[in-house]
There are 4 protein chains.
Amino acid sequence: MSDIDSLIKEVNAFREARDWRQFHNSKDLALSLSLEAAELLENFQWKTSEEAVASNLSGIKDELADVLIYALMLCSDLALDPKAVIKDKLEKNNDKYPIDKAKGRKDKYSDLS
Amino acid sequence: MSDIDSLIKEVNAFREARDWRQFHNSKDLALSLSLEAAELLENFQWKTSEEAVASNLSGIKDELADVLIYALMLCSDLALDPKAVIKDKLEKNNDKYPIDKAKGRKDKYSDLS
Amino acid sequence: MSDIDSLIKEVNAFREARDWRQFHNSKDLALSLSLEAAELLENFQWKTSEEAVASNLSGIKDELADVLIYALMLCSDLALDPKAVIKDKLEKNNDKYPIDKAKGRKDKYSDLS
Amino acid sequence: MSDIDSLIKEVNAFREARDWRQFHNSKDLALSLSLEAAELLENFQWKTSEEAVASNLSGIKDELADVLIYALMLCSDLALDPKAVIKDKLEKNNDKYPIDKAKGRKDKYSDLS
């Protein structure tokens, strides 16, 4: 079993043991993921990257984990393979951001030449 | 090489080929992750879970991918192993949400008996 | 003095008394506003609107206040008049969502006929 | 009529003319507010405050407006007076962040002496 599949198995076992799947509709899972993304970002409030990483690495790890856990729950509930979903998007991004146009530029794809 | 390591390798190759790492400080990566989390949630705006999944599954996949890609970039830049980060948090959650107290309850840990 | 101007005055007096303006660059204020928006949304996690309003109205009020306070700080720092900013956007929305096309429809403007 | 009441009146007239109130339950309004907060923050992605304000002031204004509009809709639907809600929170903040403890410090109240 791949690492990803085994993590999904653990995440599902965790929520099943607590009979939590009854609350886990996709809208509330996406909402929860955005809440955790905000808690991750909170570690950087009023700080530079360096200050935040120096003082809050433990909090950053925990919130990154929460984001990943909700993302895996959503993938599982929607029968999506995280690896395939990522690979597909990298392909789309390759078209939206061709190297010759996007190299060294932070512009959104709609603003490339 | 595990699936996760190979995905991180692809994500890094993508941004290196475009000379984008110069923009990728942790604060802006966490900010970007929260923006993608919002774009994921947007698929559910004004809709029930079922309506959203029925009409926007493709958009949901793309935004989930974007969230995962930024999460992997952050892990990579902070020398974090996504698998270890998730396993550690599931352990912490096991203490915060013991099965006997948390089963069938959606309350936050601070509101458990 | 209008209500809005007097609220901005209070908000500014609050942060000046605490010597907080040194931290208040626009990026961190926008970041903070998004964190408060997430805390507002958290009141609705796993709940319907009715359940949330019935059980968390006090929390909803507090977080709405936090959102409004950061919005007023941003307006103040960027020399924007909240009333003008809102009126301008309602005019733009009137063009993006003409009544004859948008009535009864929840679609984004880009999806209107 | 105060400025705030007259803005709420305009916002309500706008959504009533389009028969949109049928979609406006509090959960989706809070969700929408967080989406707009993310769109506001997007103006600052990969940029410093100065760069963002110099290049995206128009976008910042529009998204600030969207945040304020959703906040006013929520206040209206929950029978809350924005001015009272803000004043109450400033009082609570005064207790959480007494000047003698909080002056010049960016720490969260839970981390003050």
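Summary table
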{"read-out": "Yes/no for A:L57 being buried (at least 18 other Cβ atoms within 10 Å of the Cβ) and either charged (D, E, K, R) or at pLDDT 95 or above (or both)", "value": "no"}
{"read-out": "Qualifying residue in the range A:95-108 (condition: touching a Phe, Trp or Tyr at 6+ places or on another chain (Cβ under 6 Å) and more than 8 Å from every other protein chain (Cβ to nearest Cβ))", "value": "yes"}
{"read-out": "Counted residues, the range C:22-50 - those being more than 12 Å from chain A (Cβ to nearest Cβ) and without any contact (Cβ under 8 Å) to a residue 40 or more places away in the chain", "value": "2"}
{"read-out": "Checklist (1) under 25 Å from A:D100 (Cα atoms); (2) within 14 Å of chain D (Cβ to nearest Cβ); (3) charged (D, E, K, R); (4) crowded, with 16+ Cβ neighbours inside 10 Å applied to B:D62, failing item", "value": "(2)"}
{"read-out": "Residue within the range B:5-14 that is within 27 Å of A:K27 (Cβ to Cβ) and at the interface with another protein chain (Cβ under 7 Å from one of its Cβ atoms) present", "value": "yes"}
{"read-out": "Tally of residues being touching a Cys at 6+ places or on another chain (Cβ under 9 Å) and either more than 30 Å from C:F23 (Cα to Cα) or surrounded by fewer than 12 Cβ atoms within 10 Å (Cβ to Cβ) (or both) across the range C:68-113", "value": "0"}
{"read-out": "Hits in the range B:20-47 (condition: under 18 Å from A:G59 (Cβ atoms) and of a type in the set (S, T, Y))", "value": "B:S26, B:S34"}
{"read-out": "Only listed residue being over 14 Å from the mean Cα position of the chain (by Cα) and in contact (Cβ under 8 Å) with a residue 24 or more places away in the chain, chosen from B:D107, B:D88, B:D77, B:D66", "value": "B:D77"}
{"read-out": "Test: residue in the range B:65-88 that is small (G, A, S) and modelled with pLDDT under 95", "value": "no"}
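The values are calculated or read from the model by the stated rules, or taken from the named source; none is laboratory data. All values derive from a computational prediction rather than experimental measurement. Quick reminder, even Gly has a Cβ in these numbers, built from the backbone with ideal geometry, and neighbours come from all protein chains shown.
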